[in-house]
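K.L.:
Can you keep this structure in mind? I'll have questions shortly.
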Amino acid sequence: MSSAPLASVLFVCVHNAGRSQMAAGFLQHLAGDRVEVRSAGSVPGEQVNPAAVEAMKEVGVDIAGARPKVLTTEAVRASDYVITMGCGDACPVFPGKKYLDWTLEDPAGKGVDAVRPIRDGIKARVEALVAEIDAQQRA
């Protein structure tokens, strides 16, 4: 029995190569098809940060196949939650969306040792987001 997702979440950072990709990976891993997951960047990079891929692999989440995508108005419009991570004012604002800004260090140019604490901070925030989405469905 398949049903519609409980919510749609868009993660946005500048390059869509680190923070937003890790957050999308965790949300997909933790919520499965209960939540529709998107990620994008205001100025997408060429590839996902290899240190982010490795750090996620260490905790059993594979984001190796992810590719940076450009932020579009359509992606924002189609999402219930828009979570920004340092993209500034590049994200369009629409009424009826829940906007959250997660202040997280940018993993760009850092090795796996430096990315691990960023990854762990993202995981904790994603777990809280899943709990919030689940609670709203029970309300």
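The values are calculated or read from the model by the stated rules, or taken from the named source; none is laboratory data. Given the structure is predicted, the values throughout are model-derived calculations rather than measurements. Backbone-built Cβ (ideal geometry, glycine too); neighbour counts: all protein chains shown. In case anyone asks, the SASA skips ligands and DNA or RNA and just uses the protein heavy atoms, side chains included. Shrake-Rupley method; radii C 1.70, N 1.55, O 1.52, S 1.80 Å.
K.L.:
Under the condition of being free of Cβ contacts under 8 Å to residues at least 40 places away in the same chain and within 19 Å of P44 (Cα to Cα), which residue from segment 104-120 is most open to solvent (accessible area, probe 1.4 Å)?
P.N.:
Filtering segment 104-120 for residues that are free of Cβ contacts under 8 Å to residues at least 40 places away in the same chain and within 19 Å of P44 (Cα to Cα), the one most open to solvent (accessible area, probe 1.4 Å) comes out as E105.
K.L.:
OK, next. Can you pull out every residue in segment 60-89 that is farther than 13 Å from L10 by Cα and out of contact with any Gly (no Cβ under 9 Å at 6 or more places or on another chain)?
P.N.:
If the condition is that a residue be farther than 13 Å from L10 by Cα and out of contact with any Gly (no Cβ under 9 Å at 6 or more places or on another chain), then G60, A64, G65, R67, G86, G88, D89 are the ones that fit.
K.L.:
Let me ask another. State all residues of segment 121-139 that are open to solvent by less than 80 Å² (accessible area, probe 1.4 Å) and free of Cβ contacts under 8 Å to residues at least 40 places away in the same chain; if no residue qualifies, say none.
P.N.:
Listed by number, the residues that qualify are G121, A124, A128, A131, E132, A135.
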